[in-house]
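Enquirer: Encoded as structure tokens, here's the structure I'll be asking about.
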Amino acid sequence: MTTGEREPEAGPRAAAGEATEADDSPPPRGGKRDGGADSGGGISIGVLTGGAVAAGERASAEDRSHRDGRAAPPLPAPSGADGIAVPRSAPGGISVGVMAGGAAAAGSDARALDASTQATVDAPPELRAALGTLRRQLPLLNASDETSEIDGRLADAEEEIEATGQVRRDRLQWLRDRLDLGATAVAGLASATAVVQQITQLLGGQG
């Protein structure tokens, strides 16, 4: 080496025992790497037909869909398999076989919100029986516009249930609000109380 020329200085190197990237450079500030602990391991889903998914630091997933309540058609089984396999996820991650709605989020400070609504609900046998009993007891009261209107609403609900096995939430909400008023004649029937109880269980105290 010619006198007076300086040998090029080596680039910055990590201290002994310090983690480095593939190119021998120090990791990003804070020591966070893609796919590390802050990513939460990510989310692995076999089949996704609805809902919201997000992964990463401060990720946010929100499902605000409005579903009609009808069940999605069954998925065809994969050839040569008994069913859809649940995929494996990285450590700290989430694995889902089939996701048709709702929300899922993985990662540091991640947030998932299921704010979806459903227009109809399945009508259990107990609700069908309660509606039928109330309709049969309505003639025990003096005929009025009130009893006529309620009878018509009950008939609509029964017809919908008979045809689809489900009933609209707004229809149940109307019946509950009207039958839950203690000052009305119909609300005094024990069968009306039974209808209100069944509707409240289905709607979870919400309209």
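The values are calculated or read from the model by the stated rules, or taken from the named source; none is laboratory data. None of these values were measured; they are calculated from a predicted model. When we count neighbours, we look across all protein chains shown, and the Cβ atoms used for this are built from the backbone with ideal geometry, even at glycine. We work out accessible area using only protein heavy atoms, side chains counted, and drop any ligands, DNA or RNA first. Shrake-Rupley method; radii C 1.70, N 1.55, O 1.52, S 1.80 Å.
Enquirer: Inside the range 177-197, can you point out the residues that are hydrophobic (A, V, I, L, M, F, W, C) and part of a loop (DSSP other than H, G, I, E, B)? Step through it out loud before you land on a result.
Expert: If we filter the range 177-197 for residues that are hydrophobic (A, V, I, L, M, F, W, C), which is where we start, we get 179, 181, 183, 185-187, 189-190, 192, 194-196.
Within the range 177-197, L181, A183, A185, L189 meet the criteria.
Enquirer: Do any strands (runs of 3 or more DSSP E) entirely within the range 98-161 hold 1 or more residues that are within 16 Å of L175 (Cα to Cα) and open to solvent by less than 60 Å² (accessible area, probe 1.4 Å), and if so, which?
Expert: 120-122
Enquirer: Exactly one of (1) open to solvent by 40 Å² or more (accessible area, probe 1.4 Å); (2) at pLDDT 95 or above is unmet by R178. Its number?
Expert: (2)
Enquirer: From the set of residues in the range 52-85 that are aliphatic (A, V, I, L, M) and over 30 Å from A119 (Cα atoms), which is modelled with the lowest pLDDT?
Expert: Per the stated criteria, the residue is A81.
Enquirer: Tell me whether the range 23-43 contains one or more residues that are surrounded by 16 or more Cβ atoms within 10 Å (Cβ to Cβ) and at pLDDT 80 or above.
Expert: There is at least one residue in the range 23-43 that is surrounded by 16 or more Cβ atoms within 10 Å (Cβ to Cβ) and at pLDDT 80 or above.
Enquirer: State yes or no: is G92 at pLDDT 90 or above and over 30 Å from A185 (Cβ atoms)?
Expert: no
Enquirer: Please specify each residue of the range 181-207 satisfying the condition of being over 19 Å from P125 (Cα atoms), in contact (Cβ under 8 Å) with a residue 12 or more places away in the chain and open to solvent by 20 Å² or more (accessible area, probe 1.4 Å).
Expert: Initially, the range 181-207 is screened for residues over 19 Å from P125 (Cα atoms), giving 181-189, 205-207.
If we keep only those that are in contact (Cβ under 8 Å) with a residue 12 or more places away in the chain as well, we get 184-186, 189, 207.
Residues satisfying the conditions are T184, A185, L189, G207.
Enquirer: Let me ask something additional. If the requirement is being hydroxyl-bearing (S, T, Y) and farther than 30 Å from V53 by Cα, which of these qualifies: S95, S108, S191?
Expert: S191
Enquirer: Pairs, please: C-beta under 8 Å, at least 6 apart or cross-chain, first residue part of a strand (DSSP E or B) and in the range 51-79, second modelled with pLDDT under 60?
Expert: Between residues of the range 51-79 that are part of a strand (DSSP E or B) and residues that are modelled with pLDDT under 60, the close pairs are A55/S39; A55/G40.
Enquirer: Please go through the range 162-175 and give me each residue that is in a helix (DSSP H, G or I) and farther than 17 Å from Q137 by Cα, ordered by number.
Expert: The answer is E162, A163, T164, R169, D170, R171, L172, Q173, W174.
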